[in-house]
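Colleague: Before anything else, here's the structure in question.
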Amino acid sequence: MLKKIHLLFLFVLIAWTAGSQNTTIKGFVTDSITGEPLPFVAVLLEGTTNGTVTDDDGNFSFTASSGGMLIVSYLGYTEKRVPVTRGRVNNLNIELAPTTINLSEVVIRPGKERYSKRENPAVIFVRNVINSRESNNPRNHPYFSYDQYERMVFAMNDFEPKKREEGQKAGRFDFLSEFVDTLDMGKTILPVSEKERFEHVYYRREPRTEKRVVEATKSAGVDEIFSRDGIAQLLGEVFREVDIFKNDIPLFLNRFVSPLSTMGPDFYKYYLLDTLDINGQQVVDLGFVPFNSETWGFTGHLYVTLDSTFFVQRAVLNVPRDINLNFVSNMTIEQTFLRTEDGTRIMTKDDIQVDFKLSPKSKGMYSRRLNVYSNHSFEEPENLDVFQQSAPVATRDDASRKNEEFWDSIRPELAQKRNPNTVEKLMDRLRAVPVFYVTEKIVSILVSGYIQTDKDKEKSKFEFGPMNTSLSYNAIEGMRFRVGGTTTVNFSNRFFMDGFLAYGTKDEKLKYDVLAEYSFIDKKDYRKEFPVHSIRAQYTYDINQIGQQYAFTNKDNIFLIWKRQKDDQATYLRKMELAYTHEMYSGFSYYANLRHYKEYATIYTPFNEIINDKFETRWLDDYKMSELEVKLRYAPNEKFYQSRNYRYPITLDAPVFTLSHTVAAKGFLGTSYDYNRTEFGIQKRFWLSAYGYMDIYAKAGKVWNKVPYALLIIPNANLSYSIQPESYTNMNAMEFLNDEYVSWDWTYNINGALFNRIPLIKKLKWREVLSFRGMYGNLTDKNNPFLPGAEGLYAFPEATHIMGKDPYMEYGLGIENIFKFIRLDYVRRLTYLDNPGIQKHGIRFMMRLTF
């Protein structure tokens, strides 16, 4: 059991690895008359959610923790029940006896399928459903409101308490059996994370606005070691509310093709299966499967009224067994809809149940996200002020303090548990066990990067970290030792202090950073959590690695020690900053930073000022600048995971625009040069439905004044072997200097659209990645130290070049999802191949878990 408790944390969000005696069930399903294999046959172990569907050749295979009766069913065939022996490999050859299904004049007969879209009644029928999907959209009304209850649970799958023999000493975790719950199909689970939320949703068509007011919320479980808001954002995207009436369905941070997509008839096979009576209404059972079971689509059924409205009453969606989707062994989505008197469609339930597995032999983890909708209304709300609130989601002050009586009163019957014990009680019992308590603290440090100074997290006012910067190495400092820390919201939820001390064994210099920040709004967890509205003062003395920028990690991260090239292009920088930041829920933010800094030359990066037209130089120890930088950013509907210090984008569906300008006046507070610099950027993700997505970053900038090279535009060179966005993998630090530029970074994640069609290769579930990045750069005559009139400029470092008419370009060919978490890119440089000391090609890597 101790092993399972450790693995519980390492599973991160949605997976659990636990050993067990597994039952392997595999076989071959054929037509009993023709002997031909049957594709997409449902195979389910009775009383469980363990099962699969057969592939195109009639084969199936899956593992379970128990035996019992295997139910084999296929539309047009008689259901068959086959016994399965627990704890062994069961090889089964199953023959199904055909029947004939009639629907009006449509007859589906068994045998080798010859599917055709042309004059197919099912295709004609589904096109009518697609064409009618917007006519009954509830958001066609001027106003639309409803109540939404959401429950999300993660649990150990098929949990069986360890049996003790009579007289045997009780184990430390025997109490877990008190928290076991049983699902409707008889499967036992042990919930380890539980979240509930009840909210009111208000929609207005003109101007288009949707606001949510959270009345009650609570959560408990092992994921408490992560950022609460970050987890909420992440799970909100992973388990997005499914809208089958859109072309694409966002789910698991990917895009699935909806069975009611306009491209549906080209992606799915449709079958008219039967007529049924649901609530007194005749409906058609419309079945569908993707042409290619490895692609991002569903199998399932739509139950559509047999009248001119083509109204969808119910939808059941599953993922094919061979889909190129990690960790998901089974998934079912069930939705139900009601038709109002005027024909409007309203959803009453959206229920997603998923079995996650790290490996086929593990029991894995069960997850359910249930949404129940009620009190639908198309009337104008009594209080229209709700549409004026700045945040898209407003949470009542007492939302997290609702008692159990309240939850019992609003919790739908569908969300009721058989076991009244809660996850809150489970966590209290677990933390009372010393080995669990210590394990949780260690994992918390690894995740957050910080060490608490009090055992109680709610009382820890100062924390040491980030720990991944404690030891690092670079060519200037040698081994770098660093200690730092920050105050927490327990010290003050508005005033924060942060800082560090660092020492290099080679340069023998002490570096330091001191920060004080006041927030104009209360913070719940971290000072950098969204939205930021603060004023910050900071004083820093540190090394400045020119031409290297890291957007999502610290520059002295221990994991960046290994580099492809010596990183000695550096100076020392003493800097004071006074910054104001204001972020808004609309996605707009602005930032102003008044800074004064002094940059010191080194033997690696000298400041040799040109003093006459003979290009003679003199050594300068330093220069000074006092600047004002103003930055505007617009990122509507941006979703990200918020850690203590960084924001990791979850989606880039909406474009992100940035505009900045930096200005300095010579002589002001000792400023050495007049300086104006303007930059503009845009980034956007383009989803191509079943064919993956493209991420595009584009930037342009210009330095308007005559300034030395340290103030020019220096491209971001990635000297590590890791894959970093918006950086050049084969460019040297300070290889090019420009005062105007246009750059791009294009990455196409094909999501296996090609590999999924190649025999054998498709079994590996690899996914293709293409990348292409480059820069058009120019150095105008006023900043060229090799031309007449260069007095006052600095001579370029020896390894620096001027970019010609050709752009710098490089491409990458990559494979991701290797062992489900590794991406390898072959990168090659295309231009400026004669520059000395460059790397023309190489291999780069990235590690991340993806669905």
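Colleague: Is there a residue in the stretch 616-639 that is crowded, with 18+ Cβ neighbours inside 10 Å, small (Gly, Ala, Ser), closer than 21 Å to ALA391 by Cβ and in contact with a Phe, Trp or Tyr (Cβ under 8 Å, 6 or more places away or on another chain)?
Modeller: yes
Colleague: Looking at the stretch 222-241, can you tell me whether even one residue there is within 24 Å of PHE530 (Cα to Cα), in a helix (DSSP H, G or I), modelled with pLDDT under 85 and basic (Lys, Arg)? So that I can check it myself, show each step before the final result.
Modeller: From the stretch 222-241, those within 24 Å of PHE530 (Cα to Cα) are 222-241; that's our starting set.
Adding the requirement that they be in a helix (DSSP H, G or I) leaves 222-225, 228-238.
Going one step further and asking which of them are modelled with pLDDT under 85, we end up with 222-225, 228-238.
Adding the requirement that they be basic (Lys, Arg) leaves 228.
There is at least one residue in the stretch 222-241 that is within 24 Å of PHE530 (Cα to Cα), in a helix (DSSP H, G or I), modelled with pLDDT under 85 and basic (Lys, Arg).
Colleague: Residues that are touching a helix residue (DSSP H, G or I) at 6+ places or on another chain (Cβ under 7 Å) and not hydroxyl-bearing (Ser, Thr, Tyr): which helices (runs of 4 or more DSSP H) entirely in the stretch 377-469 hold 1 or more of them? Full working, then the answer.
Modeller: Numbers: elements: 404-410, 423-431, 434-448.
Counting at least 1 such residues, we get 423-431, 434-448.
Colleague: Another question about this same structure. Quick check on my filter: what residues within the stretch 294-307 are in contact with a helix residue (DSSP H, G or I) (Cβ under 9 Å, 6 or more places away or on another chain) and either under 17 Å from ARG255 (Cβ atoms) or modelled with pLDDT under 85 (or both)?
Modeller: Our first condition is that a residue be in contact with a helix residue (DSSP H, G or I) (Cβ under 9 Å, 6 or more places away or on another chain); within the stretch 294-307, this holds for 294-297, 302, 304.
Hits for the stretch 294-307 are GLU294, THR295, TRP296, GLY297.
Colleague: Would you check which residues across the stretch 805-832 are surrounded by fewer than 17 Cβ atoms within 10 Å (Cβ to Cβ), in contact with a Ser or Thr (Cβ under 9 Å, 6 or more places away or on another chain), assigned to a loop (DSSP other than H, G, I, E, B) and not acidic (Asp, Glu) and list them?
Modeller: Answer for the stretch 805-832, where residues must be surrounded by fewer than 17 Cβ atoms within 10 Å (Cβ to Cβ), in contact with a Ser or Thr (Cβ under 9 Å, 6 or more places away or on another chain), assigned to a loop (DSSP other than H, G, I, E, B) and not acidic (Asp, Glu): LYS820, PHE821.
Colleague: Inside the stretch 730-781, can you point out the residues that are over 22 Å from LEU849 (Cα atoms), out of contact with any Leu (no Cβ under 6 Å at 6 or more places or on another chain) and either β-branched (Val, Ile, Thr) or assigned to a helix (DSSP H, G or I) (or both)?
Modeller: Of everything in the stretch 730-781, those that are over 22 Å from LEU849 (Cα atoms), out of contact with any Leu (no Cβ under 6 Å at 6 or more places or on another chain) and either β-branched (Val, Ile, Thr) or assigned to a helix (DSSP H, G or I) (or both) turn out to be VAL742, ARG757, ILE758, THR780.
Colleague: Quickly run through the stretch 592-622 and pick out the residues that are in contact (Cβ under 8 Å) with a residue 40 or more places away in the chain, assigned to a strand (DSSP E or B) and within 43 Å of the chain's Cα centre (by Cα). If you could, list the steps in order and put the result at the bottom.
Modeller: Restricting attention to the stretch 592-622, the residues satisfying the condition of being in contact (Cβ under 8 Å) with a residue 40 or more places away in the chain are 596, 599, 602, 604-613, 615, 617, 620.
Filter again for assigned to a strand (DSSP E or B), leaving 596, 599, 607-610, 617, 620.
Those that are in contact (Cβ under 8 Å) with a residue 40 or more places away in the chain, assigned to a strand (DSSP E or B) and within 43 Å of the chain's Cα centre (by Cα): HIS596, GLU599.
Colleague: Something else: Output the number of the condition that ALA516 fails; it satisfies all remaining conditions of (1) in contact with a Lys or Arg (Cβ under 8 Å, 6 or more places away or on another chain); (2) part of a loop (DSSP other than H, G, I, E, B); (3) more than 30 Å from ALA717 (Cα to Cα).
Modeller: Here ALA516 clears every test but (2).
Colleague: May I ask you to list pairs of residues, at least six apart or on different chains, whose Cβ atoms are under 6 Å apart, with the first in the stretch 61-85 being farther than 19 Å from ASP158 by Cα and without any contact (Cβ under 8 Å) to a residue 60 or more places away in the chain and the second being part of a strand (DSSP E or B) and hydroxyl-bearing (Ser, Thr, Tyr)?
Modeller: Between residues of the stretch 61-85 that are farther than 19 Å from ASP158 by Cα and without any contact (Cβ under 8 Å) to a residue 60 or more places away in the chain and residues that are part of a strand (DSSP E or B) and hydroxyl-bearing (Ser, Thr, Tyr), the close pairs are GLU79/SER73.
Colleague: Quick test for you: out of GLU508, GLU577, pick the one residue that is surrounded by fewer than 18 Cβ atoms within 10 Å (Cβ to Cβ) and part of a loop (DSSP other than H, G, I, E, B). Please lay out each step first, then the result.
Modeller: Values: GLU577 fails: part of a loop (DSSP other than H, G, I, E, B).
Checking each option against the conditions leaves just GLU508.
Colleague: Taking the residues in the stretch 725-754 that are touching a Phe, Trp or Tyr at 6+ places or on another chain (Cβ under 7 Å) and of a type in the set (S, T, N, Q) as candidates, determine which candidate is farthest from ALA698 (Cα to Cα).
Modeller: ASN751
Colleague: What number of residues in the stretch 698-718 are crowded, with 20+ Cβ neighbours inside 10 Å and part of a helix (DSSP H, G or I)?
Modeller: 2
Colleague: Could you give me the residue pairs with C-beta distances under 8 Å whose first residue belongs to the stretch 432-443 and is within 16 Å of ASP174 (Cα to Cα), whose second residue is of a type outside the set (Phe, Trp, Tyr) and open to solvent by 70 Å² or more (accessible area, probe 1.4 Å) wherever it lies, and which are 6+ apart or on separate chains?
Modeller: Taking only residues 6 or more apart or on different chains, the pairs are VAL433/ARG172; VAL435/ARG172.
Colleague: Another question about this same structure. Filter the stretch 655-696 down to the residues that are among the aliphatic types (A, V, I, L, M), under 30 Å from SER771 (Cβ atoms) and either in a strand (DSSP E or B) or under 15 Å from the mean Cα position of the chain (by Cα) (or both) and list them by number. Full working, then the answer.
Modeller: Taking the stretch 655-696 as the starting set, the residues that turn out to be among the aliphatic types (A, V, I, L, M) are 656, 659, 663-665, 669, 682, 688, 690, 694, 696.
From what's left, under 30 Å from SER771 (Cβ atoms): 656, 659, 682, 688, 690, 694, 696.
VAL656, LEU659, ILE682, MET694, ILE696, listed by residue number.
Colleague: Okay, next question. Only residues that are outside any loop (DSSP other than H, G, I, E, B) and either without any contact (Cβ under 8 Å) to a residue 12 or more places away in the chain or open to solvent by 20 Å² or more (accessible area, probe 1.4 Å) (or both): list them for the stretch 470-486, please. Before you say what the answer is, go through the steps one by one.
Modeller: Filtering the stretch 470-486 for residues outside any loop (DSSP other than H, G, I, E, B) gives 471-474, 478-486.
Answer for the stretch 470-486, where residues must be outside any loop (DSSP other than H, G, I, E, B) and either without any contact (Cβ under 8 Å) to a residue 12 or more places away in the chain or open to solvent by 20 Å² or more (accessible area, probe 1.4 Å) (or both): LEU471, TYR473, MET479, PHE481, ARG482, VAL483.
Colleague: Suppose we keep only residues that are farther than 30 Å from LEU849 by Cα and open to solvent by less than 30 Å² (accessible area, probe 1.4 Å) within the stretch 350-393. Which one would you say is nearest to the chain's Cα centre (by Cα)?
Modeller: Residues of the stretch 350-393 that are farther than 30 Å from LEU849 by Cα, as a first pass: 372-391.
Restricting the remaining residues to those that are open to solvent by less than 30 Å² (accessible area, probe 1.4 Å) gives 372-373, 381, 386-387, 391.
Numbers: VAL372: 25, TYR373: 26, PRO381: 35, VAL386: 30, PHE387: 29, ALA391: 22 Å.
Filtering the stretch 350-393 for residues that are farther than 30 Å from LEU849 by Cα and open to solvent by less than 30 Å² (accessible area, probe 1.4 Å), the one nearest to the chain's Cα centre (by Cα) comes out as ALA391.
Colleague: Right, here's the next one. Could you please find all residues in the stretch 684-693 being open to solvent by 40 Å² or more (accessible area, probe 1.4 Å) and within 20 Å of VAL742 (Cα to Cα)?
Modeller: Initial filter on the stretch 684-693 (open to solvent by 40 Å² or more (accessible area, probe 1.4 Å)): 684, 686-688, 691.
Listed by number, the list holds a single entry, LYS684.
Colleague: Next question, about the same structure. Could you list, in sequence order, the residues of the stretch 526-543 that are part of a strand (DSSP E or B) and hydrophobic (A, V, I, L, M, F, W, C)? Full working, then the answer.
Modeller: As a first pass, look at the stretch 526-543 and keep what is part of a strand (DSSP E or B): 533-543.
Those that are part of a strand (DSSP E or B) and hydrophobic (A, V, I, L, M, F, W, C): ILE535, ALA537, ILE543.
The values are calculated or read from the model by the stated rules, or taken from the named source; none is laboratory data. Note that the structure is predicted; figures quoted are calculated from it, not measured. Note that we place each Cβ from the backbone using ideal geometry, even for glycine, and neighbour counts take in every protein chain shown. Surface areas here come from the heavy atoms of the whole protein model, side chains and all, with no ligands, DNA or RNA. Shrake-Rupley method; radii C 1.70, N 1.55, O 1.52, S 1.80 Å.
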